[in-house]
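Working notes, beginning with the structure itself.
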Amino acid sequence: MKVNTNSNPDARGYFGAFGGRFVPDTLMAPLIELEKAYNELSQKQSFWDEFASLLKNFVGRETPLQYAQRLTEHLGGAKIYLKREDLAHTGAHKINNAIGQILLARHMGKTRIIAETGAGQHGVATATAAAAFGMSCVVYMGAEDMARQEMNVFRMRLLGAEVVPVHNGSKTLKDAVSEAMRDWVSNIADTHYLLGSALGPHPYPRIVRDFQSVIGREAREQILEHEGRLPDSIVACVGGGSNAIGIFSAFINDTNVNLIGVEAGGTAIKPGQHAARFSGGKPGIFQGMKTYILQNADGQAEQTHSVSAGLDYTGVGPEHSMLHDLKRASYAYAYDDEALKAFHLLARLEGIIPALESSHAIAHTCKIAKGLGKNHLLIVNLSGRGDKDIGIVQKYSGEKK
């Protein structure tokens with residue numbers, strides 16, 4: 001199962017003009033150590049064989065590619081398939097990367113795992129992988145996100161992880177990332193920072209993309225089996241961007257396949273009310289990378305908002321920034337209200353309760369499907385399930401009454 005990717009960063013960690021390694025001197029050594037270890041291990045077939053075995057026997061891959069017949073008929077246009085990452089162990093795509101990085105950490109001799117999380121799915125996946133490998137685990141989570149995602153906080157603690165609330169800044173994902181980096185600086189010898197999305201300083205964007213690329217490889221084989229041809233469009237939500245780059249990666253060289261990322265439009269495309277980096281942001285330096293970020297006139301990171309904690313992030317993965325500027329992928333956004341409507345629609349039409357993150361991709365699909373025509377094949381990457389979001393949806397519905 002050796003991973004072959006279509007667009008690796010250059011030697012300095014840049015995808016075109018984006019990426020790099022903008023960190024204090026104290027983090028350079030562990031990042032170089034991580035890069036060296038991954039470069040060596042990624043050349044060993046035995047490493048990928050072990051990863052593939054765990055994906056099959058622990059994660060439960062491959063995940064199905066399901067024809068969404070009732071959603072297709074309801075929208076009256078494109079033929080829609082769902083890549084069911086919600087059926088992976090722990091309920092989202094995050095476990096693919098967690099298992100890969102746990103293997104990497106073990107080969108590096110690390111015994112302690114730290115992570116950041118927004119919606120909690122990466123935290124749960126990391127806690128799960130750490131428990132399975134007998135490693136200690138600390139997860140940093142914004143206090144605001146902990147309040148929104150109480151069930152996932154309980155799940156992490158049930159799995160043996162220490163969940164540390166972050167009260168700085170907006171008390172959300174970007175602040176959890178900062179705290180995890182501070183921990184790593186102080187505990188480099190025995191600790192691996194298991195970053196959850198395809199962002200941050202080099203080599204993380206490449207590592208996470210490679211571990212998530214299993215989504216795209218499976219989807220490619222499955223659509224060829226179902227339809228005998230490649231899809232016309234792929235739609236995926238984009239927070240940091242790991243589920244999207246995971247499925248996009250297998251189709252980047254297929255220029256007839258439209259790649260569509262969907263960001264969080266929040267309540268309005270106005271400062272502090274959304275997290276649509278490609279609609280309100282511009283290139284800058286943020287948390288170790290050069291990428292598109294939401295920033296004010298002074299270059300300071302802006303506050304963000306989304307009903308979905310997993311999309312509520314100031315920056316975006318640098319490979320997405322490259323794809324955007326090359327016009328190889330397009331990036332839209334869905335508002336909170338649209339995502340919530342899509343959440344209910346998929347539940348009632350297909351018997352699937354999607355994560356609010358994934359609901360943004362469904363919402364955009366609802367906008368475009370009819371205009372694409374019945375011969376158009378469209379895959380939505382259903383990145384996770386919505387059990388964690390029931391309380392948020394209940395609260396939102398109550399407020400709307």
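The values are calculated or read from the model by the stated rules, or taken from the named source; none is laboratory data. Keep in mind it's a predicted model, so treat the numbers as computed, not measured. A quick note on method: Cβ atoms are made from the backbone with ideal geometry, for glycine too, and the neighbour counts reach across all protein chains shown. In case anyone asks, the SASA skips ligands and DNA or RNA and just uses the protein heavy atoms, side chains included. Shrake-Rupley method; radii C 1.70, N 1.55, O 1.52, S 1.80 Å.
Here is the P(r) of region 318-401: all C-alpha pair distances, binned every 5 Å from 0, give 3, 13, 20, 21, 18, 11, 8, 4, 1 in whole percents.
Solvent exposure of the chain, expressed per residue, is 37 Å² of accessible area, with all protein chains present and a 1.4 angstrom probe.
For region 238-274 versus region 4-76, the inter-centroid distance based on Cα atoms is 16 Å. Maximal additional length on extending the LYS341-LEU224 stretch stands at 39.0 nm, based on 0.36 nm per residue less the C-alpha distance.
Summing Cβ point charges (Lys, Arg +1; Asp, Glu -1) relative to the Cα centre of region 9-126 gives a dipole of roughly 200 debye. Each stretch of four or more DSSP H residues adds -39500 (n - 2.57); spread over every residue of the chain, this sum gives -13500 deg cm²/dmol at 222 nm. One quarter of the surface of the convex hull around the alpha-carbon atoms of region 85-232 equals 9.8 nm², the direction-averaged projected area.
Assuming a ≥ b ≥ c are the square roots of the Cα gyration tensor eigenvalues, decide whether region 15-85 counts as rounded (a/c under 1.5), prolate (otherwise, with a/b larger than b/c) or oblate. Oblate, because a/c is 1.5 or more while a/b does not exceed b/c. In region 257-401, the ratio of gyration radius to Kirkwood radius, Rg to Rh, stands at 0.99 when only Cα atoms are counted. For region 89-161 and region 300-315, write down the distance between their C-alpha centroids in whole Å. Here the answer is 21 Å between Cα centres. With each label modelled as a point 7 angstrom along the Cα→C-beta vector, the LYS282-ARG112 pair spans 4.2 nm. Using bins of 5 Å that start at zero, the share of Cα-Cα pairs per bin across region 185-249 amounts to 4, 17, 21, 19, 13, 10, 8, 4, 3, 2, 0, in whole %.
DSSP bridge analysis restricted to the chain gives an antiparallel fraction near 30%, rounded to the nearest 5. For the chain, the Kirkwood hydrodynamic radius comes to 20.6 Å, computed from all pairs of different C-alpha atoms.
Of all the accessible heavy-atom surface of region 190-313, with the other protein chains kept in place and a 1.4 Å probe, what percent is carbon and sulfur?
C and S fraction of accessible area: 43 percent.
How big is D, in µm² s⁻¹, for region 1-121 by Stokes-Einstein at 20 °C and 1.002 mPa s if Rh is the Kirkwood radius over C-alpha pairs?
D = 123 µm²/s.
In percent, rounded to a whole number, the relative contact order of the chain is 20, using alpha-carbon pairs under 8 Å and six or more apart.
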